[in-house]
Amino acid sequence: MNGPFVVLSGACGTELERRGAPTPLPLWSAAALLEAPDLVREVHRDYVRAGADVVTANTFRTIRRTLARAGLATTPRDLVATAVRLAREGIRDAGTDRPVRVAGSVAPLEDCFRPDLVPGEGDLAREHRERADDLVASGADLALVETMNTVREAVAALRACAAAGLPAAVSFTCGEGPRLPSGEALAEAVRAVRPLGPLSIGVNCCTTAVATAGVEVVRREAPDVPAMAYANGVGVPDDAAGWRFVAGHGASREAYRDAVRRWIALGARWIGGCCGTTPDYVADVRGLVDRAAATRPR
């Protein structure tokens, strides 16, 4: 984690969908923890074999309010424990000698692209603390507070992780500007979370062009914190399935490689993939960062 680069795994939910696992809303990828655990384990294994240093456990939609909405009696802690266990087993099955860490995904409590649905401060503090405690109990190494669409939820999630003793990185979803869906500037978001001591600050679940602009902002506003980028690959969001793989939409592997080169040149250190990326994308990232690390001045 202290090396010149950290390679993150790629998408979990869209990769499960691509391999035929059920990903119905509102559970999205969490449904596979119950219905296709072997496939979840395989996805993690393949990302490690592709070169990931950090595997993100499938905890994106394992919170109490989502489980209640889906009518499930399973407790969040049990589902988080399952997700982290499957990530550990995937690392084991990959057969690598490299140390690989497990991150717990900490997503917005509601929709990633609906800042108007973000709960009040009390609910944010209580529910993010519950999730952080569940991740600690499950043995996760760190939290990846990701796809944040408002400054206040990102701050609440990071504070909850700190209170639970769980190291955390934080990433925002952005559009042009770059701005969060809330309308807040990414620069403002970076300034707000920087004093909380995140392991890394970055952008995710966006186009590669927006991610490039995001890396520039993070480097300018927090030059002492590793910058992170993991953008979307091929496909488009879908209201029913969550994601549809559509050729010609999104970033091909070639386009993604070009973007990764730009991120490296701008100083990004944590790099991976979001929706629509696959183990092949992560293998490309691994190759590019290894070449960049080999040519860094000593």
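Determine, yes or no, whether Arg159 is part of a helix (DSSP H, G or I), charged (D, E, K, R) and either within 18 Å of Glu130 (Cα to Cα) or within 18 Å of the chain's Cα centre (by Cα) (or both). So Arg159 fits the description; yes. Quick check on my filter: what residues within region 1-15 are surrounded by fewer than 24 Cβ atoms within 10 Å (Cβ to Cβ) and hydrophobic (A, V, I, L, M, F, W, C)? Within region 1-15, Met1, Phe5, Val6 qualify. Going by the structure shown, is Pro181 outside any helix (DSSP H, G or I), surrounded by 24 or more Cβ atoms within 10 Å (Cβ to Cβ) and at pLDDT 95 or above? No, not satisfied. Take the conditions under 30 Å from Pro279 (Cβ atoms) and out of contact with any helix residue (DSSP H, G or I) (no Cβ under 9 Å at 6 or more places or on another chain) and apply them to Pro195. Does it pass? Taking the combined requirement at face value, the residue does not satisfy it. Within region 35-70, the only residue that satisfies the criterion of being part of a strand (DSSP E or B), under 13 Å from Arg85 (Cβ atoms) and among the β-branched types (Val, Ile, Thr) is Val55.
Filter region 167-178 down to the residues that are touching a residue at least 60 places away in the same chain (Cβ under 8 Å) and assigned to a loop (DSSP other than H, G, I, E, B) and list them by number.
Thr173
Remark: pairs (first residue in region 86-114, open to solvent by 10 Å² or more (accessible area, probe 1.4 Å); second residue part of a helix (DSSP H, G or I) and among the charged types (D, E, K, R); Cβ separation under 7 Å; 6+ apart in sequence or on different chains) = Glu89/Arg41; Asp93/Arg41; Asp93/Arg45; Ala94/Arg45; Ala94/Arg49.
Taken over region 134-149, the criterion of being touching a helix residue (DSSP H, G or I) at 6+ places or on another chain (Cβ under 9 Å) and either touching a residue at least 40 places away in the same chain (Cβ under 8 Å) or closer than 12 Å to Ala103 by Cβ (or both) is satisfied by Asp134, Leu135, Ala137, Ser138, Gly139, Ala140, Leu142, Ala143, Val145, Met148, Asn149.
With respect to (1) open to solvent by 30 Å² or more (accessible area, probe 1.4 Å); (2) more than 25 Å from Pro226 (Cα to Cα); (3) assigned to a helix (DSSP H, G or I), the lone exception for Pro24 is condition (3).
Give the residues of region 187-213 that are among the small types (Gly, Ala, Ser), assigned to a helix (DSSP H, G or I) and open to solvent by 10 Å² or more (accessible area, probe 1.4 Å), sorted by residue number. Result: Ala187, Ala192, Ala209, Ala213.
Has region 287-295 got any residue that is part of a strand (DSSP E or B) and among the small types (Gly, Ala, Ser)? The answer is no, given that none of the residues of region 287-295 is part of a strand (DSSP E or B) and among the small types (Gly, Ala, Ser).
Can you find even one residue in region 40-47 that is open to solvent by less than 40 Å² (accessible area, probe 1.4 Å) and without any contact (Cβ under 8 Å) to a residue 40 or more places away in the chain? No - not one qualifying residue is present in region 40-47.
Taken over region 253-278, the residue count meeting the criterion of being open to solvent by less than 20 Å² (accessible area, probe 1.4 Å) and either in a helix (DSSP H, G or I) or among the basic types (Lys, Arg) (or both) is 4. Within 15 Å of Gly272 (Cα to Cα), acidic (Asp, Glu) and open to solvent by less than 30 Å² (accessible area, probe 1.4 Å): does that describe Asp53? Taking the combined requirement at face value, the residue satisfies it.
Of the residues making up region 232-240, not a single one is crowded, with 21+ Cβ neighbours inside 10 Å and free of Cβ contacts under 8 Å to residues at least 40 places away in the same chain.
The values are calculated or read from the model by the stated rules, or taken from the named source; none is laboratory data. These numbers were taken from a predicted model, which means no experiment stands behind them. Counting neighbours? That spans all protein chains shown, and the Cβs are built from the backbone with ideal geometry, glycine included. Surface areas here come from the heavy atoms of the whole protein model, side chains and all, with no ligands, DNA or RNA. Shrake-Rupley method; radii C 1.70, N 1.55, O 1.52, S 1.80 Å.
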